1. Once you've got the Cα coordinates, tell me which of Lys62/Lys174; Lys35/Lys89; Lys94/Lys189; Lys133/Lys180; Lys35/Lys180; Lys62/Lys180 are over 28 Å apart.
2. Taking the Cα centre as origin and putting +1 on Lys and Arg beta-carbons and -1 on Asp and Glu beta-carbons, what dipole magnitude results for segment 59-142, to the nearest 20 debye?
3. Quote the relative contact order of segment 66-170 in percent (integer), defining contacts as alpha-carbon pairs under 8 Å separated by 6+ residues.
4. Loop only per DSSP, at most 15 neighbouring Cβ atoms within 10 Å: give me the trypsin sites (Lys or Arg not before Pro) in segment 96-167, ordered by residue number.
5. Using Cα centres only, tell me the gap between segment 48-80 and segment 3-41 in whole Å.
6. Just need the relative contact order of the chain here, percent rounded to a whole number, with Cα pairs under 8 Å and 6+ apart.
7. Along each principal axis of its Cα atoms, how long is segment 1-146 end to end? Whole angstroms, biggest number first, please.
8. For segment 114-172, which chymotrypsin sites (Phe, Trp or Tyr not before Pro) are in a loop by DSSP, counting at most 13 other Cβ atoms within 10 Å?
Amino acid sequence: MNATEDWWSVWLGILFFVLGLFSIWHLDLVGWIVKPKTWEFSSLMRNFSWNQLFESSGLNYKDLHPLFSVITTYLSLLVSTSIGAYFLKLNVRKYIFGFSFIFLIAFLSLIIGHEAHLSSVNAVVKGDNLYEKFQLSWGLQLGQEIGYIIALLIGLVIANFFKDFAEKLKEAAKPEWFIKTAIVLLGIKLGMM
């Protein structure tokens, strides 16, 4: 029973939910999780700063270096899913290699997808018009979800043109498991709302 993707989706969802519950008592145990920010290419090239690309999601962690958030997010996901991989009887060593590469590609895709010319919409969203904020003269206005499409396209290229490398990632390429975990977390969020 405990060695199925369904159950490990539930366990991981409950783990992150319980960690998030501590905020009720003003103890933020998940605020270090990295959150991409909208950025503009020429501004980044003129004055490079990691703070322009991403930050910690919690207010209590805003003073931490953004790379700390990336590293702690990666390590927490790696450790928690590696425990699940062990109980799912996967080759944990291969899983760690594959997960690390997939995390890197997914994270870079999200960062690229938050570039203002790709994602900013010329409309007020949550009280802010990023199109005007970055003084854009043009933009594709695809929304920040374009990062997911970029990740999908990279995955398709790897799977179809680099088949030997894709085989090395196979142990960690468990989209059903990760999607099920996301659904559990989304269900918890909707229930809380």
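Every read-out reported here was derived from the displayed coordinates using simple, explicitly stated rules and does not represent laboratory data. All values derive from a computational prediction rather than experimental measurement. As a convention, Cβ positions derive from the backbone with ideal geometry for all residues, glycine included, and neighbour counts pool all protein chains shown.
1. Too far apart for the 28 Å limit: Lys62/Lys174; Lys35/Lys89; Lys94/Lys189; Lys133/Lys180; Lys62/Lys180.
2. 440
3. Dividing the mean separation by the residue count of segment 66-170 yields 26 percent.
4. Filter output for segment 96-167: Lys126.
5. When both Cα centres are located, 13 Å separates them.
6. 25
7. Over segment 1-146, Cα extents along the principal axes are 55, 38, 26 Å.
8. Of the chymotrypsin sites (Phe, Trp or Tyr not before Pro), the ones in loops of segment 114-172 whose Cβ has at most 13 other Cβ atoms within 10 Å are Trp138, Phe162.
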